[in-house]
Amino acid sequence: QDTRKKDFHEAPNELSTIRHVIAVVSGKGGVGKSLVTGLMSVAMSRKGKHTGILDADITGPSIPKMFGTKGEVRGNQAGAYPVRTAGGIEVVSMNLLLENSTDPVVWRGPIISGVVKQFWHDFIWEDIDYLFVDMPPGTGDVPLTVMQSIKLDGIIIVTSPQELVSMIVEKAVKMAEGMKVPILGLVENMSYFECPDCGKRHEIFGHSHIEEIAKSYGLDVLARIPIEPQLAAKCDAGQIETVADTHMQDAVQKLLDRE
Ligand code: ADP
Ligand code: MG
């Protein structure tokens, strides 16, 4: 990466090689940002790309649980190493560093940003094709500082139909413009429910406006993910890597097409 032009970015560890860094953002918590980060990473890994996840959601880390990853972070003089999931995805998360992972993290913004910076330059991300960053929720100070410190290739905005999507998209677009980071597209989660009995799609939260909103901002809809209770169950059981159809094939292909 060329870091000369934007020297406010933190340099990654000198032993790291990271080809593409993509941040996943949302307007608020609970819309499925981590799930989308996880599913994207699984789909990308299945394309044969060496994939990493930097869990920047320090106060609500959920990636290790989703992957059933409990391994210990190991390190040496040169830096620390991410923990590898069963499927070969490299993960760094606050959850892997806390002695008791159910302890709440109650730090304030500047400390949190400092931890994310350490995840970026104190960890050795070896030969990573795609690094997905599960951002802190919202468009406030903490995600902004994270965006300022890590040089991103693009961001993906996760929304759900219950939200004021246009407002969230507008905020995220402004944030991305300020940071001069391209928006790669929108992902609508909990988009619909496919009835196992009648086979019909039900729009539980009302009709989706994601396509119109995307169009009005000149953005792409990368994926629409249905509400799937089995998906939530697999994530709770740490088995996201056994999900057969991640709904992310097209989305991931679009990212690869940009290379
Ligand atoms: P966030 O990271 O935005 O806070 P999560 O990804 O942790 O949200 O999702 C919140 C909860 O909702 C999790 O328990 C997750 O398994 C569940 N969930 C998210 N998306 C779906 C979906 N499409 N179908 C079923 N459950 C979902
Ligand atoms: Mg989360």
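Summary of computed values
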read-out: Verdict on Gly60 being without any contact (Cβ under 8 Å) to a residue 60 or more places away in the chain, part of a loop (DSSP other than H, G, I, E, B) and either near ligand 1 (Cβ under 10 Å from one of its atoms) or surrounded by fewer than 19 Cβ atoms within 10 Å (Cβ to Cβ) (or both); value: no
read-out: Identity of the residue in the stretch 31-57, assigned to a loop (DSSP other than H, G, I, E, B), in contact (Cβ under 8 Å) with a residue 12 or more places away in the chain and not aliphatic (A, V, I, L, M), that ends up nearest to Ser191 (Cα to Cα); value: Gly32
read-out: Which listed residue, of Ala23, Ala43, Ala78, is hydrophobic (A, V, I, L, M, F, W, C), away from ligand 1 (no atom under 16 Å from the Cβ) and either surrounded by fewer than 23 Cβ atoms within 10 Å (Cβ to Cβ) or modelled with pLDDT of 95 or more (or both); value: Ala78
read-out: Top-ranked residue of the stretch 27-40 - restricted to ones that are more than 6 Å from ligand 1 (Cβ to nearest atom) and either at pLDDT below 95 or within 17 Å of Pro226 (Cβ to Cβ) (or both), ranked as surrounded by the fewest Cβ atoms within 10 Å (Cβ to Cβ); value: Lys28
read-out: Candidate set: the stretch 47-57, residues that are of a type outside the set (A, V, I, L, M) and within 12 Å of ligand 1 (Cβ to nearest atom); chosen: the one nearest to the chain's Cα centre (by Cα); value: Asp55
read-out: Among the candidates Gly88, Gly79, Gly109, residue that is small (Gly, Ala, Ser), more than 15 Å from ligand 2 (Cβ to nearest atom), under 30 Å from Leu164 (Cα atoms) and in contact with a helix residue (DSSP H, G or I) (Cβ under 9 Å, 6 or more places away or on another chain); value: Gly109
read-out: Candidate set: the stretch 105-146, residues that are assigned to a loop (DSSP other than H, G, I, E, B) and aliphatic (A, V, I, L, M); chosen: the one farthest from Met175 (Cα to Cα); value: Ile124
read-out: All positions within the stretch 205-252 that are in a helix (DSSP H, G or I), surrounded by 14 or more Cβ atoms within 10 Å (Cβ to Cβ) and not charged (D, E, K, R); value: Ile210, Ile213, Ala214, Leu231, Cys235, Ile240, Ala251, Val252
read-out: Residue identified as modelled with pLDDT of 90 or more, in contact with a Ser or Thr (Cβ under 8 Å, 6 or more places away or on another chain) and surrounded by fewer than 15 Cβ atoms within 10 Å (Cβ to Cβ) among Asp127, Asp134; value: Asp127
read-out: Ser160 of a type in the set (Ser, Thr, Tyr) and surrounded by 16 or more Cβ atoms within 10 Å (Cβ to Cβ); value: yes
read-out: Output for the stretch 15-40, where each listed residue is more than 26 Å from Asp141 (Cα to Cα) and of a type in the set (S, T, N, Q); value: Ser16, Thr17
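Residue by residue, here is whether (1) without any contact (Cβ under 8 Å) to a residue 60 or more places away in the chain; (2) crowded, with 22+ Cβ neighbours inside 10 Å; (3) within 16 Å of ligand 1 (Cβ to nearest atom); (4) among the aliphatic types (A, V, I, L, M) holds:
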| position | (1), (2), (3), (4) |
| --- | --- |
| Phe67 | no, yes, yes, no |
| Glu72 | yes, no, no, no |
| Val83 | yes, no, no, yes |
| Val92 | yes, yes, no, yes |
| Leu96 | yes, no, no, yes |
| Thr102 | yes, no, yes, no |
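The values are calculated or read from the model by the stated rules, or taken from the named source; none is laboratory data. Just so it is clear, the structure is predicted and the values come from calculations on it, not from any experiment. Every residue, glycine as well, gets a Cβ built from its backbone with ideal geometry; the counts of neighbours run over all protein chains shown.
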